[in-house]
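Q: What follows is a single structure, and I will ask about it in a moment.
A short reminder: the numbers here are calculations on the coordinates, not readings from a lab. Computed from a predicted structure; not experimentally measured. We place every Cβ from the backbone using ideal geometry, glycine too, and count neighbours over all the protein chains shown.
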Amino acid sequence: MAPPITRIEIDQALGDIELFDSIIDVRSPAEFADDHLPGAINLPVLDDQQRAEIGTLYKQVDPFTAKRAGAALVAQNIAMHLQTVLQGKDRNWRPLIYCWRGGQRSAAMAQIFANIGWHCGVVDGGYKAYRRHVLDCLDAIPPAISVVILSGQTGTAKTHILQAASKNGAQIVDLETLACHRGSLLGSEPDKPQPSQRLFESRLCQSLKSCDPQQHIFIEAESNKIGNIHVPPALWAAMRAAPSIRVTAPMAARVSFLQREYAHMIQNPAMIMPLLSKLKHRHSAAQLAAWSALIDQQDWHPFIESLLDAHYDPAYQRSGSARRANEASVMSATTLCTLDIDRLAHLLIEKSASIGTGKSNSPAAKTDL
């Protein structure tokens, strides 16, 4: 007799995820790329083209013809997976399977697996149930956590400071890494396209759920849009209301840091002006021409300093009034080298300890001497 197929609610499935050896998303590759359960692999029972063809048959011919053609393709694809990716799985292997809404695609694979002798779990409600879980978490978690914002002008190494703080035990939510974007006009990551909004939210949900709500969670100051990704409303509200610690740095240190950080653009200068041309509604033709000339000359220090002075710093000042109202402390960088960033990370953790105790508003906590 075949082992029973267990249907599992999404909350239980995520809570007991370690009980399963593999999480299998049987949806098409395009559906999987848009978003999927953490740790899932994609073993589609219909690829993108096949799914479109079956959908067309369903609408233009009739459901029976579509289901018959679909069943043949599903059987072929599952057979291929059994002969390739799953060939080495032993009798004790236990998969968790899901499709769009826990229907025919996951049931087809689960039935074949059960007939083989594998104990299978199927996510009740499929991906749609998981998506509801993510949205519920993104609404419920942010109001319950203790956020501390790390703010500062462009080029003050905020992301690096947070990552160094994380290595020293601090909890961080790295929005820029999750969004694959540095949050500015020139912030796209080389060879790393941004995820879909849904996949970003899945990653963000996982990051937030891994944090202890009783401890501070450090997040870099961002706008509510990072490249093409939007910060969910509840988290954005929590970030706007949170106390902040601001990092300052000398202009020379910022310029040197940005020159290192954006080496990929310096090595490919032709990619810079097409991005800066998007600023023509904010800056004069003369300013854009001056930047273009500095890029052509590869005169990077004055170019970066001019870009900071004329564009990024004024933009920071314009957007900073609400942030400064919640400012709890300030810390000063020197060189923004590795040692300086590590020092700032330790200082960030130290200064955050007084936030919420009433100490952060004292004059002594306001400066880093």
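Q: Using the structure shown, select from Lys59/Lys128; Lys128/Lys278; Lys225/Lys280 the pairs with a Cα to Cα distance greater than 27 angstrom.
A: Pairs exceeding 27 Å: Lys128/Lys278.
Q: Sum up the charges of everything whose Cβ sits under 9 Å from the Cβ of Ser202, counting Lys and Arg as +1 and Asp and Glu as -1, but leave Ser202 out.
A: Residues close to Ser202 contribute a combined charge of +1.
Q: Using modelled backbone amide H atoms (1.01 Å from N, in-plane), which distant-in-sequence or interchain residues come within less than 5 Å of Val122's amide H?
A: Thr6, Arg7, Ile8, Ile97
Q: I need the phi-derived Karplus couplings for region 86-93: 6.51 cos²θ - 1.76 cosθ + 1.60, θ = phi - 60°, integer Hz, Gly and Pro marked x.
A: Once rounded to whole Hz, the list reads 9, 4, x, 6, 8, 5, 8, 4.
Q: So what are the ³J(HN,Hα) numbers for region 35-49, from phi and the Karplus equation (6.51, -1.76, 1.60; θ = phi - 60°), rounded to whole Hz, Gly and Pro as x?
A: 4, 6, 5, x, x, 6, 10, 9, 10, x, 8, 9, 7, 4, 5
Q: Right, next: Helix-derived [θ] at 222 nm for the chain: sum -39500 (n - 2.57) over DSSP H runs of at least 4, divide by residue count, nearest 500?
A: Taking each H run of at least 4 residues, the total per residue is -14000 deg cm²/dmol.
Q: How do 143-153, 264-274 rank on mean C-beta neighbours within 10 Å, highest first?
A: Put in order of decreasing packing, that is 143-153, 264-274.
Q: Cα to Cα, under 17 Å, and not fewer than 8 places away if on the same chain: which aspartates and glutamates meet these conditions relative to Lys67?
A: Asp47, Asp48, Glu53
Q: Something else now. Counting only the backbone N, which residues of region 120-155 are under 16 Å from the spot 7 Å out from the Cα of Arg324 toward its beta-carbon?
A: It comes to 151-154, nothing else.
Q: A further question on this structure: Summing +1 for each Lys or Arg and -1 for each Asp or Glu, what net charge is found among the other residues whose Cβ lies under 13 Å from the Cβ of Ser28?
A: Charge balance near Ser28 sits at -4.
Q: Further question: Please give the length that would be gained between Trp236 and His346 if that part of the chain were fully extended, namely 0.36 nm times their separation in residues minus their C-alpha to C-alpha distance (nm, one decimal).
A: 37.0 nm
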